[in-house]
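First up is the structure itself, then whatever we jot down about it.
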Amino acid sequence: MQDIFLQVAGVAAIIVALIHAVLSETRLFPHVTVTPPRLRLLVRLVWHCSTVAWIAGGVLLIATPYFESQTARHWIVVTMVANYLFATIANAWATRGRHFGWVLLGAVSVLAIAGY
């Protein structure tokens, strides 16, 4: 059952990352003004670093049950939970709890902890 929790957490992490990418490209970046304009691409790429990290973390959580090493399982789960919990807290704090992202990221954290 723990393996299923980890894999569901991984799939959820990937879905949350994709939602993050799509919403930022369709709702946020069209309204953002970056000066000088040549830095606009840099801001977008740095913004999407979290998207890439969340997808990579999701892939690791999905693959974790197939690793034979308990040490690898331990450190993957601990690292990913720390990553998603930080994102949860930062999102809730920065948006004063008015954005649904912190709930989704928190759900990923809880599922990963349940799979530990």
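Any read-out appearing in this document is the output of simple, stated calculations on the displayed coordinates, not a laboratory observation. Bear in mind that the values here come from a model prediction, so they are computed numbers and not experimental data. When we count neighbours, we look across all protein chains shown, and the Cβ atoms used for this are built from the backbone with ideal geometry, even at glycine.
This model, with +1 at the C-beta of Lys and Arg and -1 at the C-beta of Asp and Glu, gives the chain a dipole about its Cα centre of some 540 debye.
Seen against the Cα atoms of the chain and their longest principal axis, helix 49-63 is set at about 20 degrees.
If R0 is taken as 30 Å, the Cβ-Cβ distance between Trp75 and Ile15 corresponds to a FRET efficiency of 0.80. Select one label from (1) 1.09; (2) 0.97; (3) 1.16: the one whose number is Cα Rg over 2.2 N^0.38 Å as derived from the coordinates shown. Among (1) 1.09; (2) 0.97; (3) 1.16, the one derived from this structure is (3). Between the beta carbons of His99 and Tyr66, assuming R0 = 41 Å, the FRET efficiency works out to 0.75 to the nearest 0.05. Between Cys49 and Thr35, the simple spin-label model (points 7 angstrom out along Cα→Cβ) gives 2.5 nm. Each of Leu42, Ala87, Val108 was scored by the projection of its Cα onto the charge dipole of segment 2-114, and the greatest displacement toward the positive side belongs to Leu42; charges sit on the C-beta of Lys, Arg, Asp and Glu. Distance between the 7 Å Cα→Cβ label points at Ala90 and Leu23: 1.6 nm.
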